[in-house]
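What follows is one structure encoded as structure tokens, with my remarks underneath.
The values are calculated or read from the model by the stated rules, or taken from the named source; none is laboratory data. Computed from a prediction, not measured in an experiment: that's the story for all the values here. Cβ atoms come from the backbone with ideal geometry, glycine included; neighbour counts cover every protein chain shown. Note: accessible area is taken over every heavy atom of the protein model, side chains too, but ligands, DNA and RNA are not part of it. Shrake-Rupley method; radii C 1.70, N 1.55, O 1.52, S 1.80 Å.
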Amino acid sequence: MSRIPGPLFGLCLGVIAFLGPLAIHIYMPVIPAVKQAFGLSDALAQATFSIAVLGMGVATLAYGALADRLGRRPVLLSGLGLFLLGSVLSAAAVTVPMLVAGRVVQALGAGCGITLVRTIARDAYGPERLVKAIAYLTMFYTIGPMISPVAGGVLVDAFGWRAVFGFSVAAAAAITVGVWLVIYETRPPGEAGQHGRVLRGYGELLTQPRFLALVLQTGFATGTFLIVASASSTLMKELLGRPATEFGLYFVLLPLGFMTGTMISSRLGNRAPTETMVLTGSLVCLAAALIQAGLLLALPPAPLMLFLPGAFVTLAQGISLPYAQAGAIGTVPRLAGTAAGVGVFVQQVLGAVFAQLYGLIADGTPRPMIVATTLCAALGVAAGGAAFVLSRRDGKAGVERTAA
């Protein structure tokens with residue numbers, strides 16, 4: 001008999017989803033303190049941040065496949081244990097290599113939450129409620145970048161940089177206890193031992209055109225957001241001469257836009273076809289990028305020209321992302337964990353690639369941002385359009401496929 005998840009189960013999943021962005025973004029105010037404490041160069045200090053992002057992205061591939069083979073609960077608890085160990089190592093670091101090692105272990109552990117909450121949600125809530133569940137979890141995921149830099153700054157100023165990792169230790173311990181008590185094994189019993197080799201699962205997914213189109217769309221949507229976020233930071237300071245505090249206040253518009261989009265997805269749920277909503281979000285994203293381009297080319301740059309269209313970019317992402325993720329996970333249900341891992345990996349890697357593309361062509365003017373966001377948003381429409389066309393060709397438009 002399948003178990004019915006209660007409110008505490010959903011809350012626990014939400015807190016796990018909060019772990020990944022909290023681990024990454026809470027470290028931002030630590031970078032200058034670590035640089036001063038260890039006498040690091042700017043590049044090496046930044047590397048202590050970026051190596052964690054890379055480690056988390058790579059880890060998502062392993063967690064998805066392992067969860068399909070070994071079960072959700074043991075893999076999730078193992079990942080939380082790694083996060084706890086990495087936090088302890090980082091807090092106790094007396095050398096740069098020890099700090100980097102701790103950050104890598106912490107990031108490898110945090111990758112479990114990003115991947116497995118979606119897989120567990122699909123197991124527990126079923127295809128009918130998956131979009132709403134993912135929208136709910138995505139809202140928790142969005143809270144991290146909104147509050148963690150502020151929390152990290154307060155801890156650094158009041159107690160020093162090691163306090164941030166001390167907080168991470170306490171948070172990881174509390175979350176691990178919550179998972180142990182509340183999260184039960186959700187993998188369907190019939191799926192155990194039926195997955196064969198890990199690479200075979202990847203190969204099966206990567207031959208599914210619908211899966212590829214959906215995960216690519218999430219990557220292009222994330223890339224558009226990261227370009228807007230990073231470019232706005234540079235342009236606010238270097239072009240407009242605005243202080244960091246003002247940037248922070250305007251930046252709130254971006255996660256608010258995303259939360260609004262996920263609320264729309266949550267309200268619509270399975271009443272809207274997956275591919276239709278993914279294409280709709282892609283088109284809204286491209287429209288926002290084009291409007292921003294027109295404003296910046298026609299008028300003197302102003303903060304609202306950066307952040308108001310940016311809010312619609314993130315709103316579009318909030319609309320399309322839950323549907324695209326639910327559809328990708330449901331393409332081959334018995335490989336749901338592997339699909340979630342691949343999806344998160346593609347999303348993070350493509351996002352990072354396009355953010356770096358902007359960095360390579362940035363020249364202190366809005367034009368590089370215009371080029372990069374328009375290109376990335378257009379590719380998102382192409383991927384979303386491909387998924388839509390495939391659904392019409394196959395006659396299977398819907399929230400999710402439930403047949404293997």
Among the residues of the range 351-395, which ones are open to solvent by 40 Å² or more (accessible area, probe 1.4 Å), at pLDDT 80 or above and not in a helix (DSSP H, G or I)?
363, 365
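Here is a yes/no grid of residues against (1) in contact with a helix residue (DSSP H, G or I) (Cβ under 8 Å, 6 or more places away or on another chain); (2) over 23 Å from residue 47 (Cβ atoms):
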{"position": "68", "(1), (2)": "yes, yes"}
{"position": "71", "(1), (2)": "no, yes"}
{"position": "80", "(1), (2)": "yes, yes"}
{"position": "87", "(1), (2)": "yes, no"}
{"position": "90", "(1), (2)": "yes, no"}
{"position": "93", "(1), (2)": "yes, no"}
{"position": "99", "(1), (2)": "yes, no"}
{"position": "116", "(1), (2)": "yes, yes"}
{"position": "129", "(1), (2)": "yes, yes"}
Which one of the conditions (1) over 21 Å from residue 167 (Cβ atoms); (2) modelled with pLDDT of 80 or more; (3) surrounded by 18 or more Cβ atoms within 10 Å (Cβ to Cβ) does residue 61 fail to meet, given that it meets all the rest?
(2)
